[in-house]
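The structure that follows is given in the form of structure tokens.
The values are calculated or read from the model by the stated rules, or taken from the named source; none is laboratory data. Bear in mind the structure is a predicted one, so any value in this text is a computation, not a measurement. Cβ placement follows ideal geometry from the backbone for every residue including glycine, while neighbour counts extend to all protein chains displayed. In case anyone asks, the SASA skips ligands and DNA or RNA and just uses the protein heavy atoms, side chains included. Shrake-Rupley method; radii C 1.70, N 1.55, O 1.52, S 1.80 Å.
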Amino acid sequence: MRNDDFLHSPLFRSADPEGRAHRLFDYRGPGEGDAWVFGYGSLMWDPGFPHIEAVPARLQGYHRRFCVYSYRYRGTPEKPGLVLGLDRGGACNGIAYRVAVLDLPDISTYLWHREMGNGVYRAGPRRLATGGTGIEALCFVANPGNPHYAGHLDRLQVASIVASAIGGRGACRDYFLNTLERLRAMGLRDRSLLAVGRLVAALDAGQVAAPVLPPARPDPEHF
């Protein structure tokens, strides 16, 4: 999906009553030049914005986790899906995208409507390691205080949702598999995601029973 298509799609567009969509990079001082964005989930295989380069990067202090409910992208209000967030602890390998300073207003607007609709992410700069050097990049970190945070789910519950939820951008399972494939292509293994994958396979094979899931907290306006 091209940037323009995304921004004009009623499925994905989020409200911005305070006019903050163009301000995600406001933490940068004037004249700093190009910026960086960290991708650890769908941004790794479907960034959707122009970039000058993409390099492997590692974030310390946060790990990749299915901890964000999705009511539109990968689920429905009646049967929410899950998408990845950065949760506290550990480390996360992903991709750092360098974006041109002239593109920052458009990219900020795009990322706002893609990532910030329900406030479950906190957007801000984090220090990344990239091949022996450090850069500061825009990161989307999960907010545990948000009602759409799903960090209370155990791994079997996560696997059950990943295996079955479907939303406007497709199946939650496809989101998961695309992320795994991108990591494999980079020569990386995410043990937590691989464990979820084993449980998905066990559920498919009937080797484990589907768990009881908590009641949905539908938010049809976002994600």
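Efficiency by 1/(1 + (r/R0)^6): what FRET value for Val101 and Glu181, r their Cβ-Cβ distance, R0 = 30 Å, to the nearest 0.05?
0.40
Can you tally the net charge around Gln60? Count Lys and Arg as +1, Asp and Glu as -1, for every other residue whose Cβ sits under 10 Å from the Cβ of Gln60. Mind dumping the intermediate values first?
Working: positive: Arg58, Arg126, Arg127; negative: none.
Once all neighbours under 10 Å are counted, the net charge is +3.
I've got another one for you. Which value at 222 nm does the chain reach when only helices count, each DSSP H run of 4 or more adding -39,500 (n - 2.57), with the total divided by all residues and rounded to the nearest 500 deg cm²/dmol?
Details: 6 runs with 59 residues, N = 223.
Computed ellipticity for the chain at 222 nm equals -7500 deg cm²/dmol.
Right, another one. Which value in nm describes the separation of the simple spin-label points at Ala205 and Val55, placed 7 Å from the Cα toward the beta carbon?
Reported label-point gap for Ala205 and Val55 is 4.2 nm.
Between Asp174 and Thr130, with labels modelled 7 Å along Cα→Cβ, what's the label distance in nm to one decimal, could you check?
3.0 nm
Quick one: grab the alpha carbon gyration tensor of region 127-223, order the square roots of its eigenvalues as a ≥ b ≥ c, and give me rounded if a/c is under 1.5, else prolate or oblate depending on whether a/b is larger than b/c.
Values: a/c = 2.04, a/b = 1.31, b/c = 1.55.
Judged from the Cα gyration tensor, region 127-223 comes out oblate (a/c at least 1.5, b/c at or above a/b).
Further question on the same structure: Please give the solvent-accessible surface of Arg127 in Å², to the nearest 10, using a probe radius of 1.4 Å with every protein chain present.
Its heavy atoms expose roughly 150 Å² to the probe.
Could you tell me how many degrees, from 0 to 90 and to the nearest 10, lie between the Cα long axis of helix 155-164 and the main elongation axis, the longest principal axis, of the Cα atoms of the chain?
90 degrees
Which of Leu153, Ile166, Ala205 sits closest to the plus end of the dipole of the chain, meaning its Cα is farthest towards the positive end, when Lys and Arg get +1 and Asp and Glu get -1 on the C-beta?
The residue sitting farthest along the positive end of the dipole is Ala205.
Moving on to the next point. Roughly how many percent of the accessible protein surface of region 78-223 is carbon and sulfur, given a 1.4 Å probe and a whole-percent answer? Kindly include the intermediate steps, with their values, before the conclusion.
Working: 3430 of 6700 Å².
The value for region 78-223 is 51 percent carbon and sulfur by accessible area.
How big is the accessible area of Arg74 in square angstrom, nearest 10, if you roll a 1.4 angstrom probe over the protein chains?
20 Å²
Another question about this same structure. Ignoring ligands, DNA and RNA, how do Asp46, Asp174, Asp26 rank by accessible area with a 1.4 Å probe, largest first? Please list the in-between numbers first.
Values: Asp46 35, Asp174 75, Asp26 95 Å².
Largest accessible area first, the list is Asp26, Asp174, Asp46.
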